[in-house]
Amino acid sequence: MRKRALITGLTGQDGSYLAELLFDQGYQVFGLVRRSSSSNLERISHLGSNVEILSGDLLDQSSLMDVITQAQPDEIYNLASQSYVPLSWTQPALTAEYTALGVSRLLESVRRCKPDAKFYQASSSEVFGQPDESPQNEHTAFRPRNPYGVAKAYAHWMTINYRQQYKLFACCGLTYTHESPRRGMEFVFRKITHTVAAIKLGLSNELKLGNLDARRDWCYAKDAVHAMWLMLQQEQPDDYIIASGQTYSVQELVECAFKLVGLNWQDYVIVDSAFYRPNEPMQLVGSIEKIRKNIGWCPQYSFEQLVELMLVHDLKELSSKTI
């Protein structure tokens, strides 16, 4: 009998890749999508009828209970949140409603309607904020420094509490920054590869960035969702860091991208203080020792391969639009 999986955040970067993975594994896939006047299904349009769309909202617990009752999932992946850190400063209450309290509503709905389902919660490296150790591991103290990180910390601990109190098979994946061609343009990695492609094609002549010294632990979104799936295939629930275990600066990313197209980055990059993040987290890099040892997962794509993959995609996409 086919396994059944429910994905919240289906239309996001991770949701679309996870849906592909689950479909390839033979699952019947359901996606929770918030009803709106302008539904964005672009990232999953290629999946066609392979994914059944169900209407629900993390702000409305009754809709979550209805969806879980209808889908009867064996596995639930909660990837939905307000995940753009700068927006969490301008809309902190909305971020809390979706990213924190939304998880409480979903966990309670699982407990009431499908307590035997395996549950994955997308946690985040932003919970560490200003960590007291580097690299961080699963026992590193949480010190979030933005409203998004605070909301994710709440969701993380609620998931653990439901696992302990109600014996749910509930896991948290502490994902570090992960990228792909499906990443939004508001995120710096995609902004860089897309703008570099535009400059190479003569469609732009500058790239405005903030702190070039900011460092990130970047990996490929396809690698990350594979780790999420593996976590729910284990005999016992546990929490894991999902990362590359290495950091690169924004400047190193810029240099790599411009080098791939044969241009000198210093001729095009403008540092603009408007793009600096308040309370920039310092040296967030994840230790993947536990997930490597317990599950056998590690990233398949290097940093350089990821930059090239995204740059090639953006060059192709922009070239097709100019024809």
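Data for the structure
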item	result
Helices (runs of 4 or more DSSP H) contained entirely in the range 204-323, each with at least 1 residues that are surrounded by fewer than 21 Cβ atoms within 10 Å (Cβ to Cβ) and of a type in the set (S, T, N, Q)	250-260, 289-294, 303-322
Residues of the range 119-141 that turn out to be more than 19 Å from the chain's Cα centre (by Cα) and either part of a helix (DSSP H, G or I) or not hydroxyl-bearing (Ser, Thr, Tyr) (or both), as a count	7
Hits in the range 105-117 (condition: of a type outside the set (Val, Ile, Thr) and either within 14 Å of SER63 (Cα to Cα) or surrounded by 19 or more Cβ atoms within 10 Å (Cβ to Cβ) (or both))	ARG105, LEU106, LEU107, GLU108, SER109, ARG112, CYS113, LYS114, ALA117
Single condition ASN279 does not satisfy, out of (1) at positive phi; (2) modelled with pLDDT of 95 or more; (3) more than 17 Å from the chain's Cα centre (by Cα); (4) not β-branched (Val, Ile, Thr)	(2)
Per-region count, the range 167-189, residues surrounded by 14 or more Cβ atoms within 10 Å (Cβ to Cβ), of a type outside the set (Phe, Trp, Tyr) and either within 14 Å of the chain's Cα centre (by Cα) or not assigned by TED's automatic domain parsing to the domain that holds GLY129 (or both)	12
From the options GLN164, GLN72, GLN91, residue that is over 21 Å from ILE241 (Cα atoms), at pLDDT 95 or above, out of contact with any His (no Cβ under 8 Å at 6 or more places or on another chain) and surrounded by fewer than 20 Cβ atoms within 10 Å (Cβ to Cβ)	GLN72
Matching residues, the range 288-321, being of a type in the set (Lys, Arg) and closer than 30 Å to GLN236 by Cβ	LYS290, ARG292, LYS293
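The values are calculated or read from the model by the stated rules, or taken from the named source; none is laboratory data. As the structure is a computational prediction, the values presented were derived from the model and not from experiment. So basically every Cβ, Gly included, is an ideal-geometry build from the backbone, and we count neighbours across all protein chains shown.
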